[in-house]
Amino acid sequence: MKAEIPEGITLIRNGLFDNGDYGATYLIGYDRLALVDPGTSYSVPTLLEWFDEHPRSLSNLKYILLTHIHLDHAGAVGHLVEKLPDLKIYLHRKGAPHMHDPSQLLASVREATGDRFSEYGEVKPIPEENLEPVDGEKTFSLDSKEIVALPTPGHAPHHLAYYDKETGGLFPGDSAGLYLGGRLIPSTPPPTFNLETSLDSLTRMKELDPSILLYPHFGPGENPSELIDDYKRILQDWVELVDELRSQYGEEDKLVTEIIEIKRDWIRNGFSVGELKMNIRGVLKYFSWREDDQK
Ligand SMILES: [Zn+2]
C-alpha cells in the first residue's frame, strides 16, 4: 500500500541533483502557504514552474520551514526571499547566523562535499528581518494549522523537525535518515554528525506518535514508529561497521573502497557514491572528536 500524504500537504519534486526521486519539498496550506525545505538554488526554477502550473499563487507563499541549513535543503531560500521580500523563514537559532552570512557555511559545505561542491548551487545571504530563529520546542500557527518545531540534533546540531498537529504528519528532515525506494539509508555527514543525539532525537520524534513521516529524501513513509525503530538500528549498525573496519584498514582510502563494495545496494534513487563517501567521513569525524573529548 502506498502511504498517503495528508490533506493540505503537497509533495513537490524539486529535482535535487538532477534526480526526480531524491529531493521532496512540501507545500503546506491552501491560503497562506508554507514550503518545507525548498532545496538548492537549482530547485528554484522547478518550484516557480510548479506554481505556474497549479492553482496556487506564488504571492501567497508566506513561510519557509527549514529543517536545517545544509544546502540541499536551504540553498534556495535566499533566491526566494529576493522574489518575495516578506517571506518568513523558520529555522533553528544555531543555523540563523549562517543564513544571514553564509561564508562559514559555504566553507564547511566545500570541505564536506569536495569535488561535488558545484552541485550545491549558489547561496544568497538572507536579511536578518526575514529570519524567525527557533530556540527549543515551539508551537506556531500556519494558516489554519498548528505546527510544532522540535529540535532534533544528530544529523546536525541545528536540526528541527516539524509536526502538523492536525494531521499527525511529521517532517523529520534528515534526522530520521533517507527513505529511498522503500529502503532506509543512514545520513551521517561531516562535520557534526553525532550518534547519541541522533538516537535521542529519534526517541523524541517517536513520542509524538506521528501518523506519517514526510521525508525530504524521499516522500511519505507509513508506520512511523516502525520506521523510527528500524532507523535507530540501521544507524547503530552503520557506525559499528565503520568502527570495525577502520581498525582493520588503516588507510582511509582503503576503508572507503571496502565500504562502497559492502554497501553497493545503498546506491540508488539519487544516493550516489559521493553521498556514501560523505557519510563515511561524517562517522570518522564523529569518532575523532569523541576520542579528542576523552583525552
Ligand atoms: Zn542534511
Identify all residues within segment 112-145 that are exposed (fewer than 13 other Cβ atoms within 10 Å of the Cβ), in contact (Cβ under 8 Å) with a residue 12 or more places away in the chain and under 21 Å from Ser211 (Cβ atoms); write none if there are none.
Glu137, Thr139, Ser144
Of all residues in segment 227-253 being within 20 Å of the chain's Cα centre (by Cα) and of a type outside the set (A, V, I, L, M, F, W, C), which is surrounded by the fewest Cβ atoms within 10 Å (Cβ to Cβ)?
Arg233
Please list, ordered by first then second residue, the pairs with beta carbon atoms under 6 Å, 6 or more apart or interchain, first in segment 66-87 and within 11 Å of the ligand (Cβ to nearest atom), second assigned to a loop (DSSP other than H, G, I, E, B) and of a type in the set (Gly, Ala, Ser).
Thr67/Gly173; His68/Ala156; His68/Gly173; Ile69/Gly95
Selection within segment 43-65 - more than 15 Å from Thr10 (Cα to Cα) and within 16 Å of the ligand (Cβ to nearest atom)
Ser43
With respect to Leu255, is the statement that it is closer than 30 Å to Val148 by Cβ, part of a helix (DSSP H, G or I) and aliphatic (A, V, I, L, M) true?
no
Quick check on segment 10-33: of everything there that is crowded, with 22+ Cβ neighbours inside 10 Å and out of contact with any helix residue (DSSP H, G or I) (no Cβ under 7 Å at 6 or more places or on another chain), which residue is farthest from Tyr179 (Cα to Cα)?
Ile28
If you take just the strands (runs of 3 or more DSSP E) that sit entirely in segment 149-216, which of them hold at least 2 residues that are more than 15 Å from the ligand (Cβ to nearest atom)?
160-164, 169-171, 183-185, 212-215
Have a look at Leu178, Leu170, Leu208, Leu213 and point out the one that is surrounded by 23 or more Cβ atoms within 10 Å (Cβ to Cβ), in contact with a Phe, Trp or Tyr (Cβ under 8 Å, 6 or more places away or on another chain), touching a residue at least 60 places away in the same chain (Cβ under 8 Å) and not polar (S, T, N, Q).
Leu178
Looking at (1) surrounded by 20 or more Cβ atoms within 10 Å (Cβ to Cβ); (2) of a type in the set (A, V, I, L, M); (3) more than 16 Å from the ligand (Cβ to nearest atom); (4) under 20 Å from the mean Cα position of the chain (by Cα), which is the only condition Ala107 fails?
(1)
Subset tally (residues that are assigned to a helix (DSSP H, G or I) and either of a type outside the set (D, E, K, R) or closer than 18 Å to Leu235 by Cβ (or both)) for segment 258-295
24
In segment 88-111, the residues that are small (Gly, Ala, Ser) and touching a residue at least 60 places away in the same chain (Cβ under 8 Å):
Gly95, Ser108
I'd like the full set of residues that are among the charged types (D, E, K, R) and loosely packed, with under 14 Cβ neighbours inside 10 Å, limited to segment 261-294.
Glu261, Arg264, Asp265, Arg290, Glu291, Asp292, Asp293
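Computed from the coordinates by the stated procedures, all read-outs in this text should not be read as laboratory data. For clarity, every value in this text was computed on a predicted model and none was experimentally measured. Backbone-built Cβ (ideal geometry, glycine too); neighbour counts: all protein chains shown.
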